[in-house]
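So the structure is just underneath, and the comments pick up after that.
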Number of protein chains: 2
Amino acid sequence: MPDNNNPEIGKRPRRCVTTARWLLPTPIPLPGQRDDKNDSAKQCHGALQIGRRSRDLNPNAIRTAFTRMVHPHRASVAIAVPYLPSPHVPLYDGRVFNYDLRTSDTQTSARLGTFSTPHGPIDLPAFMTIGTRGAVRGVTPAQLREAGCQVLLANTYHLALRPGADIVQHHGGLPRFMSWNGPILTDSGGYQVFSLADLREIDDAGVTFRSHLDGQIIRLDPQRSIEIQNALGADIIMAFDQCVRLPATPDDLESSVARTIRWADASKRAHRRDDQALFGIVQGGLDFNLRARCLQALRDIDFPGYALGGLAVGESPDQMYDFLRQFTPTMPHDRPRYLMGVGRPIDILRAVASGIDLFDCVLPTRNGRNASAFTDARTLKLRNEQFKLSHDPLEAGCPCYTCQNFPRGYLRHLFLVGEMLGPILVSIHNIAYYQRLMSRIRSAIAAGRLADLLREFEEKTPSPDPEESQCSSPD
Amino acid sequence: MPDNNNPEIGKRPRRCVTTARWLLPTPIPLPGQRDDKNDSAKQCHGALQIGRRSRDLNPNAIRTAFTRMVHPHRASVAIAVPYLPSPHVPLYDGRVFNYDLRTSDTQTSARLGTFSTPHGPIDLPAFMTIGTRGAVRGVTPAQLREAGCQVLLANTYHLALRPGADIVQHHGGLPRFMSWNGPILTDSGGYQVFSLADLREIDDAGVTFRSHLDGQIIRLDPQRSIEIQNALGADIIMAFDQCVRLPATPDDLESSVARTIRWADASKRAHRRDDQALFGIVQGGLDFNLRARCLQALRDIDFPGYALGGLAVGESPDQMYDFLRQFTPTMPHDRPRYLMGVGRPIDILRAVASGIDLFDCVLPTRNGRNASAFTDARTLKLRNEQFKLSHDPLEAGCPCYTCQNFPRGYLRHLFLVGEMLGPILVSIHNIAYYQRLMSRIRSAIAAGRLADLLREFEEKTPSPDPEESQCSSPD
């Protein structure tokens, strides 16, 4: 429970003195408590109480209380962190980051789970809708909720430029600033090393950008990226990494992996807020051994979640699928796995089948703005003459606000006359389509029939539209 | 009740053969019915049944049934029309257009009333939010409802160009096309005679426009305007008129009034749908006698509502107020009075005090898109540096979605980075602000203290911002 009399509230966060790892290997029940799931929550709360009462955050007191529980049918890992009040953010109320693996598919490597955060749970596999600059383009938080969104992604580089991390922090962090009462993930700016390749100089310590807005010089390195992300206050933040376009030379890949590992270590050491989970990013292109080396190095540093960066950045979808099929099962089973910047529905299904839990992509919103609507059967290009007289919703049976209210003919009209409502309504549909897709994926995993769902999509999906397969382009 | 076996359904409407006026001067109860309000509804329904059963719409049968009732404390006028099925629109279910004057203010000429339409009642005084091309810019129908909107305005000229009246009709008319389950008013295109002055040639029979989109030649005259509005299917439609910029020469005003009267007569004769109320428009600039002559001519033609056009088109606000104060009380007491294209909150309050019931203006949405937010105290220009750190909502106590969720600092950020959400959220606030203003006006009239509310606004309102006082510019 938040303590409103706590003198720490409103102060800048202290450096956390504990060196206790977030993940503790063996269950250590508190006296008189049974080792079951409900009690584990009490144990964690107990630890937090200890931390709060003693105020010195004694690592051993915390270590003795945080618990890993392995149930017969599920692997549940408490990635708990001590209580530490943070400035201007909703008071961290003692909930812990927790990855709860509920089911593994028998026919594929798919996993069904939940990642708990201070702003609520994320049902995995999950798709994060992108709000680069602290807003999903044209869609309000209420509409995002109605469309089924649980978690959003915002961008460190863009928010650092405008309005500036200090301004977001002044407003209580991203969740309050943008009024999204749910989990948010911020990327680290590492992706802009790739996407703004013409505007940056890279060295071993970090990256110097010339602002795409006014030419202003901006320096990003692991320390600065994490400092910004600590100020932005998302539940999940990302280590600063170096993403390279594929195909790349072995030397380029090697040096990007070396930097990514060094920067991951520096990111973790720079991280100051215990109500944020810092995920590591694995680089290494399509080279299995290089990726494996990178992953091992990151595991040695230890992160509560691992992302695959540097995919969908120039290689073919088939190359990516082959790589994912081999590599994903080697990633830690007890942490969420995040495939950055992917992708089309078929990409997501194949990646889920290989064991990925978390996705983000600009496709639903960018395509929505460009009059392109997702349906199971095909992508509808709404400016097309054929929709002029159509009374049909975008997709029959879709429960989204757009499909429940507007015929295709009206949506076409909105795009032809340039009304903002067109991009808004098709974005809403596309966001809801992706969230429904994830919901169907989760149901299929629970029912042991993800392979059937994947086959269904493979049969329906036409050969990829090159314009659409590049998911990783900026929002 | 709709009759699903009626062979007329789906056919094009026949010319209504009755010459019965919509408004009948004396109550003529049907046999065995008492002359009270509930019975009047039965009488009207009875008339409709007669009309439907006999299918010849005998004027006398209708005349004997439609009733005007005057209650001791209210003037209620049944402006009923015979049943006539219309193509592709929700079946007209026998409800009547009805202006119900509930209270007249004692200190001012303000009126509190309700105008009933087939798509629901409009509480008067009312402000219509503008959706020129069949959409309020950036705001969904659900958000409009939440902001308190009852009635929208759409534009005949713009919809005739794109998508075309036939397309809207094919989609079931405007209410279905744009999914607005409430009353809509379409203007006649007469305003474009004024606003597109460089792109049109005017003659005694009508106006020839060169499309502002592609130079295509478009002819609008009373017949065509009404034909388009019949196809668009709004509950309230407007006679085709000629609006002139002020100041104008006496000759120009005289000729515009002569045309407006001829065109009003032609509009009424061209009107085919009895589930739409056709309002007349009074022109004549600031010349009281000319306006009075125009009004009398329109009353001779007889319309269920009268609008004042050609105001807020170049004269000063004070000139307009003076004119309204003199002229409005001479307008029929038993019909709604609509002041077209006005205006700022203070304009609306003064016009209400002079007896106006209905308003429309682009200010809430256009200002919203331009980062300008209405509050009682002042207009906030949200790009201003002063809002950078503001945690405040746009207006304390405002119940709108924007004020309940977003600080000014966030809204400023959205405008500075060019996020669509900025225009959307401030439009929502401004629309809600106007609807709340109308609600406060109605409450004040009911409580007999409109004069106090007007004084309150007069004290608060700074001298008019010239940029803002031109309300009648295009959406």
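Each Lys and Arg contributes +1 and each Asp and Glu -1, all at the Cβ; summed about the Cα centre of the range A:307-392, the dipole is approximately 320 debye. The string of couplings for the range B:155-161 from the Karplus curve (6.51, -1.76, 1.60, θ = phi - 60°) is 10, 4, 4, 5, 6, 5, 5 Hz, one whole number per residue in order, with x for Gly and Pro.
Residues whose amide H lies under 5 Å from that of A:I122, counting only those 5 or more places away or on a different chain, are A:F115, A:S116, A:T117; hydrogens are built 1.01 Å from N in the peptide plane.
Between A:S443 and A:S109, the FRET efficiency estimated from the beta carbon spacing at R0 = 30 angstrom works out to 0.95.
Measuring r between the beta carbons of B:A396 and A:H391 and using R0 = 45 Å, the FRET efficiency lands at 0.50. The order of A:R335, A:R145 by accessible area, most exposed first and with a 1.4 Å probe, is A:R145, A:R335.
Label-to-label distances for B:F288 across copies, nearest first, come out at 9.5 nm, using points 7 Å from Cα in the beta-carbon direction. The chain A residue nearest the rotation axis shared with chain B, using its Cβ and rounding the distance to whole Å, is A:M420, 3.
At a 1.4 Å probe, which residues in the range A:135-171 are at least 50 Å² less accessible with all protein chains present than in their chain isolated? In the range A:135-171, residues shielded by partner chains: A:A135, A:T140, A:R162, A:I167, A:H170, A:H171.
Taken about its Cα centre, the range B:220-336 carries a charge dipole of roughly 220 debye when the Cβ of each Lys and Arg holds +1 and the Cβ of each Asp and Glu holds -1. Sequentially through the range A:364-369, phi angles give Karplus couplings (6.51, -1.76, 1.60; θ = phi - 60°) of x, 7, 5, 5, x, 5 Hz, Gly and Pro residues having no value and appearing as x. With the label put 7 angstrom out from Cα along the Cα-to-Cβ vector, B:S443 ends up 4.5 nm from the copy partners, going from closest to farthest. Sorting B:291-298, B:361-368 by their mean Cβ neighbour count within 10 Å, with the most densely packed peptide first, gives B:361-368, B:291-298. Each copy carries A:D322; placing its label point 7 Å along the C-beta direction from Cα gives inter-copy distances of 8.6 nm, listed from smallest up. Chains B and A together bury roughly 3500 Å² of accessible surface, counting both sides and using a 1.4 Å probe on protein heavy atoms. Taking amide H atoms as placed 1.01 Å from N in the peptide plane, the amide H of A:I281 lies under 5 Å from those of A:A239, A:A307, each 5 or more residues away in sequence or on another chain. In whole angstrom, the range B:133-177 maps to an equivalent ellipsoid with semi-axes of 21, 11, 8, each derived as √(5λ) from the alpha carbon gyration tensor and ordered largest first.
The values are calculated or read from the model by the stated rules, or taken from the named source; none is laboratory data. Note that this is a predicted model, so its numbers are computed, not measured. A quick note on method: Cβ atoms are made from the backbone with ideal geometry, for glycine too, and the neighbour counts reach across all protein chains shown. We work out accessible area using only protein heavy atoms, side chains counted, and drop any ligands, DNA or RNA first. Shrake-Rupley method; radii C 1.70, N 1.55, O 1.52, S 1.80 Å.
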